[in-house]
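A short write-up of the structure that comes next.
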Amino acid sequence: MTKARGASSRARSWTGSRGLPKVSHGTGIYVYDTSGKRYLDASGGPAVYCLGHGHPEVTAAIVRQLERIAHGYRYTFTSDPLEQLREIVTRACAGPDGARSTGDPARRLDSMVFVCDGSEAVESALKVALQYHSARGEMTRRRFIARRRSWHGNTLGALGVSDFLDRRAPFEGALVDASFLPQVSMYRPPAGVAPGSLGAHAAAELEAEILRVGPERVAAFIFEPVVGAAGGALPPPPGYAQRVREICSRHGVLLIADEVMCGSGRTGTWRALEQDAVVPDIMAVAKGLAGGYQPLGATIYSHAIAEVLEAADGGPLTGHTFSGHTAACAAGVAVQTIVARDRLLERVASAGARFQTALREALGRYEAVGDVRGRGFLIGIELVADRATRAPFPPERALAETIGSCAFEDGLICYAAGGNLDGVAGDIILLAPPYIATDAELEEIIARFARAVERGLGKRAGG
Ligand SMILES: Cc1ncc(COP(=O)(O)O)c(C=O)c1O
């Protein structure tokens, strides 16, 4: 008889489906439950709520749009919100320097499919890559290369390129064909690799795998430019992304940037990879695109890819009934207009750097805090049992979840995750405040988070 899968080796979900408080409403960076308890949302939920809650301009824009039409089906109509959002996203992808930062016009990220969430955005990114190679007669290019400890989503394709042990386990055997390279962490470079050479080392791993598989069989390399929940806000080592770009171009392998969490301005530039001076062929965004006001994501791809898809098939063969939903696009237009008008990316870049430094100072006294890292308003705190060896806590202790739980009891929402090292061991906590968080609110987050760390460390396993 086949052995049944056991329960996960660690208590994974401190906010499991039972016993959750009922949400009532939110205003700014605060959320209230129906008992009247107030929570400071230090992670913007799962790194989503970039404008906080109850933004009157966004809700008004959605209502105005809904008063006009329930939904304009994409094969029958286009719409003002959809076209406006396409323009806004194209401009945002080009960066503050406009077309210059994307260099070659064929590389311009000016084509896109709007979807409903991050998993769909990644799923469509994989499909666009496969369709592109098929259209060019390269049907052998079917395999994806990804990194261990990265998360790309819960649909079968996106799950197939993800490495989140518990979430994959029940579906093994039915996932897409993918190679996994080791995680790239400046906090944990492989033995014998100096931190300064990590970018080159990690890029060389990719090239070696492309050559091992055979370039003619590889469709794309997918990665999170700043690894979110699975890595704990791990930024790329210097030079890594650029080398990856060169290697992919050299072997005809498409480069997919999963910016579902780190994109839409969360790291202080609209595209996280803008800071590495790299333009991918395909990019997935979602969370911050409409800031949680409506379900919205996008698969964005280059002009060159669009031309190939249009010539072969008339366009991308992906998307669903609600793709490009008019009210969701209206939410995206409103959110992105406010982000640009209120210069929130500049705010995230400058306040994010100060926030990270202040957090590092406030948490330095806890031996268990091994690393504080990230970009902009995407910050990861990695907890270790031993600072010198960087050894993790035993997974049974579920320390990240315990600290997350202490914070939640105290009315502070943060994003705790375990298993960032090998799927089982490792404890990280993400802080991803809304872009509108004031300096005073950021200070309050630091003080309350430090209190939660103190309380969590004081609790014994299972206590
Ligand atoms: C990097 C990344 N990609 C994809 C996804 C999947 O997005 P969603 O949960 O909206 O489907 C997530 C979700 O956390 C993510 O962080």
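The values are calculated or read from the model by the stated rules, or taken from the named source; none is laboratory data. A quick note: this is a predicted structure, and the numbers were derived from the prediction, not measured. Backbone-built Cβ (ideal geometry, glycine too); neighbour counts: all protein chains shown.
Quick check on Leu317: is it in a loop (DSSP other than H, G, I, E, B) and either of a type in the set (A, V, I, L, M, F, W, C) or under 20 Å from Pro225 (Cβ atoms) (or both)?
Working: in a loop (DSSP other than H, G, I, E, B): yes; either of a type in the set (A, V, I, L, M, F, W, C) or under 20 Å from Pro225 (Cβ atoms) (or both): yes.
It is true that Leu317 is in a loop (DSSP other than H, G, I, E, B) and either of a type in the set (A, V, I, L, M, F, W, C) or under 20 Å from Pro225 (Cβ atoms) (or both).
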Checklist entry - Among the numbered criteria (1) of a type in the set (A, V, I, L, M, F, W, C); (2) crowded, with 24+ Cβ neighbours inside 10 Å; (3) under 27 Å from Glu207 (Cα atoms), which single criterion is violated by Leu289? => result (3)
Checklist entry - List pairs: first in the range 37-51 and in contact (Cβ under 8 Å) with a residue 60 or more places away in the chain, second crowded, with 19+ Cβ neighbours inside 10 Å and among the acidic types (Asp, Glu), Cβ under 7 Å, 6+ apart or cross-chain? => result Tyr49/Asp41
Checklist outcome for this item: With criteria (1) among the small types (Gly, Ala, Ser); (2) farther than 30 Å from Gly26 by Cα; (3) assigned to a helix (DSSP H, G or I), Ala407 comes up short on (2)
Checklist entry - What is the number of the single condition among (1) within 16 Å of the ligand (Cβ to nearest atom); (2) farther than 21 Å from Gly231 by Cα; (3) of a type in the set (A, V, I, L, M) that Ala158 does not meet? => result (2)
Checklist entry - Looking at this structure, is Ala452 of a type outside the set (D, E, K, R) and in a helix (DSSP H, G or I)? => result yes
Checklist entry - Hey, does the range 88-100 have a residue that's within 30 Å of Leu254 (Cα to Cα), within 16 Å of the ligand (Cβ to nearest atom) and hydroxyl-bearing (Ser, Thr, Tyr)? => result no
Next on the checklist: For the range 134-174, which positions are over 17 Å from Ala257 (Cα atoms) and of a type in the set (Asp, Glu)?
Outcome noted: Glu138, Asp166, Glu172
Item to check | Of all residues making up the range 412-463, the number that are over 26 Å from Arg168 (Cβ atoms), β-branched (Val, Ile, Thr) and touching a residue at least 40 places away in the same chain (Cβ under 8 Å) | outcome: 5
Checklist entry - Within the range 386-394, can one find any residue that is assigned by TED's automatic domain parsing to the domain that holds Gly265, assigned to a loop (DSSP other than H, G, I, E, B) and either in contact with a Phe, Trp or Tyr (Cβ under 9 Å, 6 or more places away or on another chain) or within 25 Å of Glu259 (Cβ to Cβ) (or both)? => result no
Checklist entry - Are there any pairs with C-beta distances below 9 angstrom linking a residue in the range 218-245 that is more than 15 Å from Leu181 (Cα to Cα) to a residue that is assigned to a strand (DSSP E or B) and of a type in the set (Ser, Thr, Tyr), with the two at least 6 apart or on different chains, and if so which? => result Gly228/Tyr415; Ala229/Tyr415
Checklist outcome for this item: Taking the range 415-449 and keeping residues of a type in the set (Asp, Glu) and either touching a Cys at 6+ places or on another chain (Cβ under 6 Å) or not in a loop (DSSP other than H, G, I, E, B) (or both) leaves Asp427, Asp439, Glu441, Glu443, Glu444
Item to check | Lone qualifier among Ala135, Ala194 - being in contact (Cβ under 8 Å) with a residue 40 or more places away in the chain and not hydroxyl-bearing (Ser, Thr, Tyr) | outcome: Ala135
Next on the checklist: Scan the range 289-308 and tell me whether some residue there is within 22 Å of Arg373 (Cα to Cα) and of a type in the set (Gly, Ala, Ser).
Outcome noted: no
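Under the condition of being within 16 Å of the ligand (Cβ to nearest atom) and buried (at least 16 other Cβ atoms within 10 Å of the Cβ), which residue from the range 168-184 is modelled with the lowest pLDDT? Break it down stepwise before answering.
Taking the range 168-184 first, the residues within 16 Å of the ligand (Cβ to nearest atom) are 168, 171, 175-176, 178, 180, 183-184.
When the remaining residues are screened for being buried (at least 16 other Cβ atoms within 10 Å of the Cβ), the result is 176, 178, 180, 183-184.
Working: Val176: 92, Ala178: 97, Phe180: 98, Gln183: 96, Val184: 97.
This residue is Val176.
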